[in-house]
Amino acid sequence: MERIEIQILRALKESPKSFWELVALQDSTLSALVATIKGLMAGGKIHFDRSTKMFQLLRSGEYHSRMDQRCKFCNGKGLIVKGMFHKTLQQFTSMLAGRPMPDPNYNQGLISFPDLALKASFMYERGDLEDRAILLIGDDDLFSVYLGMLGMSQRILVLDIDKQVLRFIQEKAGELGLNIETMESDFNRSLPHHLRQVFDVFISEPPEGIRGMLTFLKRGIKSLVEGEGAGYIGITMVESSLPKWYEVQAILTRNRLVITDVLRNFSLYPEGEGEWENLYKNYPIMGEIPIDVGPPNMDWYSSCLIRFEAVPKISISRNHFYGDKDTWVTLKGL
């Protein structure tokens with residue numbers, strides 16, 4: 001039995017689930033999920049109740065009912081918003097009236113406010129905020145404003161193609177006296193030379209299309225000081241297959257960057273942050289599902305936060321089996 005089948009069947013053994021709940025309880029792409037659901041329905045293992053819009057289990061198997069092992073306190077993210085990050089979050093959410101709504105023409109979507117604060121908390125923990133020059137490649141989430149309000153970073157520059165987003169950031173930076181620069185930029189064009197190898201950190205939530213994803217990633221890599229710095233990107237599981245993740249990993253390796261952290265389903269995109277109900281009928285997924293699953297009954301779309309860091313060009317001797325110059329708690333002579 002495929003792993004994704006087990007994830008679906010054990011979730012339904014726990015209780016009936018909507019399509020959107022099943023999406024959140026498995027870790028494959030939407031296309032793989034829909035194909036698996038079709039197969040399970042055809043095989044008589046699950047049933048869809050059209051009146052309740054819920055999937056139900058028809059045949060019980062030997063697998064266990066789903067057991068949620070994640071921490072309830074932090075929702076499995078490993079961090080909580082507290083201290084100055086919580087105080088800044090309260091101030092941040094109070095001054096966003098009139099912010100631009102997501103523009104589907106730019107494939108925009110808004111991360112929840114608490115998750116923006118969690119991302120900043122994680123960056124702080126990793127030493128990527130204080131006295132750092134930070135580049136944001138796209139910022140419809142207004143993460144730059146939150147970072148600016150923290151007041152830790154040496155420089156914050158936002159590149160975006162959306163003039164409304166840039167205008168709003170400029171207005172808030174002016175009102176609050178924040179250290180934020182903005183620049184209109186089309187990422188189909190090369191990164192300007194004066195922005196290359198000058199940043200300590202870059203942050204991006206790139207498009208899920210492979211061309212857009214790699215384009216954003218390449219621009220960010222070029223912005224980092226040579227041999228130094230770190231990058232943060234968000235990639236989903238539901239719209240990015242493992243071959244796509246491999247392409248990202250490959251380009252990082254070619255540029256001497258190593259993945260240090262992958263925080264699964266870290267950034268949630270709430271349904272209420274955009275008029276998504278008017279857009280779902282135009283999404284390919286609605287034509288691929290053989291039944292009317294109804295609109296989302298929960299916030300289901302999330303991305304994984306990936307951090308990577310530059311690796312210095314240092315040769316490592318392969319002559320030692322148990323110990324080398326890094327192993328300081330290994331007995332000499334082994």
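Brief remarks follow.
- Qualifying residue in the stretch 131-153 (condition: touching a strand residue (DSSP E or B) at 6+ places or on another chain (Cβ under 7 Å), polar (S, T, N, Q) and closer than 21 Å to residue 269 by Cα): yes
- Unique match (being buried (at least 17 other Cβ atoms within 10 Å of the Cβ) and touching a strand residue (DSSP E or B) at 6+ places or on another chain (Cβ under 7 Å)) among 22, 30: 22
- Of residues in the stretch 242-277 being among the small types (Gly, Ala, Ser) and surrounded by 16 or more Cβ atoms within 10 Å (Cβ to Cβ), the one nearest to the chain's Cα centre (by Cα): 267
- Selection status of residue 328, outside the structural domain of residue 49 (by TED's automatic domain parsing), closer than 26 Å to residue 122 by Cβ and surrounded by fewer than 18 Cβ atoms within 10 Å (Cβ to Cβ): no
- Going through (1) over 21 Å from residue 300 (Cβ atoms); (2) in contact (Cβ under 8 Å) with a residue 24 or more places away in the chain one by one, residue 43 falls short only on (2).
- Residue 190 passes every criterion in (1) among the polar types (S, T, N, Q); (2) modelled with pLDDT under 95; (3) closer than 30 Å to residue 280 by Cβ apart from (3).
- Condition met for residue 166 (surrounded by fewer than 21 Cβ atoms within 10 Å (Cβ to Cβ) and either in the same structural domain as residue 234 (by TED's automatic domain parsing) or not in a strand (DSSP E or B) (or both)): yes
- Residue count for the stretch 54-68, restricted to those that are surrounded by 13 or more Cβ atoms within 10 Å (Cβ to Cβ), within 14 Å of residue 15 (Cβ to Cβ) and touching a residue at least 40 places away in the same chain (Cβ under 8 Å): 5.
The values are calculated or read from the model by the stated rules, or taken from the named source; none is laboratory data. Computed from a predicted model, the values in this text were never measured in an experiment. Here the Cβ is made from the backbone with ideal geometry for all residues, glycine too, and neighbour counts use every protein chain on show.
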